[in-house]
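Notes for the one structure printed next.
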Amino acid sequence: MESLAIAYLAAAIGAGLVVIGASIGISRIGAAALEAIGRQPEAGGQLRTSMIIAAALIEGVAFFAAAICLLLVLK
Amino acid sequence: MSFSIDNIKHSEDLSTNSSAVDTVHKEANADVFGEIFATLGDHNGFYIGPHHVCDLPIVLVDNGLHVYFSKSSMLSSGLFTEVDHSIVRTSDGQAPALDLSVTNLVVFQWIAIVFILLVFRNISKKKKLAYNKPPKGFLANVAEKIILYVRDEIVAPNIPYPKIVNSLTFYFVATFIFILVVNILGLLPGGHTATSAIPLTGSLALIAFFVINGAAIKYSGIKSWFKHLLGGAPVGLAPIMVPIEILTLFIKPFSLTIRLFANMTAGHIIILSFLGLLFFFNTYVLATIIVPFSVFLYLLELLVAFIQAFVFTMLVAIYTGQSIGDHVRSEH
């Protein structure tokens, strides 16, 4: 297999792994936040803010990985 | 769904049947995705959508300052030439030392700045006239809502000293509104997203770096800022903690840069790739799926434009609050 094909394959597999990791993380945050809001509806606003921040942090890490996958394709 | 997949296979069969057509077809296909990245990149001219409006000045620093008013005058001077959309020296084919050209994204950034200045100058005049009274007019009300939201929901919960909150709110309001306007300019038809360029997000993060550390040094003193490098651990752990904490100082703005850049670029790449699939498969049937899905993604990007402006401001506020800590000098 030529090296370009291997790079494309690696980028595709990497992107898939990134999606798995990020979706597990964000879904856990979403589930935990929903449960917490269900228990204490009056703390909803504060919980939503912390949820978005945690999701953004995970997303940041996921984007680092996605950018590396993108670099593999563009190189 | 099954019908459309049949159709894809059909068009693939067609293209493999005749080799002459195949190569032309393949080249056209490659162009679609090549053009996506060319469209997302920066240009040395002012474009609205794909339409070239006017040339922009090219400024190069390479053994002195070279200023050209358009690309054609740069080419006719003979010192620099263009290879694969990038400017290189004619003599040895190397890139110039520093490229300070006014590019498309810079112009869109200027549009955002002028828009914000015009709107807020107008509002601040009105507010001055009606000091201590409710704001008059639609824009003034919207602006007051945004400013109060940034102060009360983003800055105040993270920085526990009202005096510091009041003196730093102007920075957070400016950052929030600037990122929001630039993001939304990129979603208007014909617009280009200036936040999908590393230099812009990088300079925003650089300002954030100075705000985070400047606020810490100003309000809790240089001594406690140095103490912060220990991370609250005993002095014996300094060889481990100090490098980590110094690294953290620079990772924060770096992750701010990458997060905003990647979020704003990713949405565009996804939408353009989906629309590119239409040209790739050359069929109308897919449009029934792809066009509604692109509209959905566009709305998602509109949401992301707001969320990213919020997240950037929020994270800078959290970092500032952390770096100020709870040992603020007594006069504050």
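Over all Cα atoms in the stretch B:57-101, the spread is summed up by Rg and Dmax: 9.2, 24 Å. Along its principal axes, the stretch A:3-74 has C-alpha extents of 56, 15, 9 angstrom, given from the largest down. Shape verdict for the stretch B:103-187, please, from the Cα gyration tensor: rounded (a/c under 1.5), prolate (a/b greater than b/c) or oblate. Taking the square roots of the gyration eigenvalues as a ≥ b ≥ c, the stretch B:103-187 is oblate. Segment B:ALA95..B:SER73, full-extension length gain: 6.1 nm, with 0.36 nm per residue of separation and the alpha-carbon distance subtracted. In this label model, B:PHE138 and B:TYR284 are separated by 3.9 nm, measuring between points 7 Å along each Cα→Cβ vector. Legend: distances between Cα atoms for B:LYS145/B:LYS252; B:LYS163/B:LYS218; B:LYS133/B:LYS218; pairs beyond 22 Å are B:LYS145/B:LYS252; B:LYS133/B:LYS218. Among B:PHE250, B:PHE281, B:PHE274, B:PHE261, the ranking by other beta carbons within 10 Å of each residue's beta carbon, starting with the fewest, stands as B:PHE250, B:PHE274, B:PHE281, B:PHE261. Could you state the number of Å between the C-alpha centres of the stretch B:270-332 and the stretch B:138-163? What the calculation gives is 22 Å, centre to centre. Computed 3J(HN,Hα) for the stretch B:222-230, one whole-Hz value per residue from the Karplus formula 6.51 cos²θ - 1.76 cosθ + 1.60 where θ = phi - 60°, is 5, 5, 6, 5, 5, 5, 5, 5, 7, glycine and proline marked x. In percent, rounded to a whole number, the relative contact order of the stretch B:91-241 is 21, using alpha-carbon pairs under 8 Å and six or more apart.
Under the definition of partner shielding as Cβ atoms of other protein chains within 10 Å of a residue Cβ, what is the mean value for peptide B:260-268? Before the final figure, lay out the partial values.
Working: counts 2, 2, 8, 4, 0, 4, 5, 0, 0.
Taking all residues of B:260-268 together, the mean is 3.
Which value in Å is the Kirkwood Rh of the stretch B:104-324 over different Cα pairs? The answer is 19.8 Å. Reported to the nearest whole Å, the Cα centre-to-centre distance from the stretch B:53-106 to the stretch A:34-71 is 43.
Computed from the coordinates by the stated procedures, all read-outs in this text should not be read as laboratory data. For clarity, every value in this text was computed on a predicted model and none was experimentally measured. Neighbour counts are summed over all protein chains in view; Cβ atoms, including those assigned to glycine, are modelled from backbone coordinates with ideal geometry.
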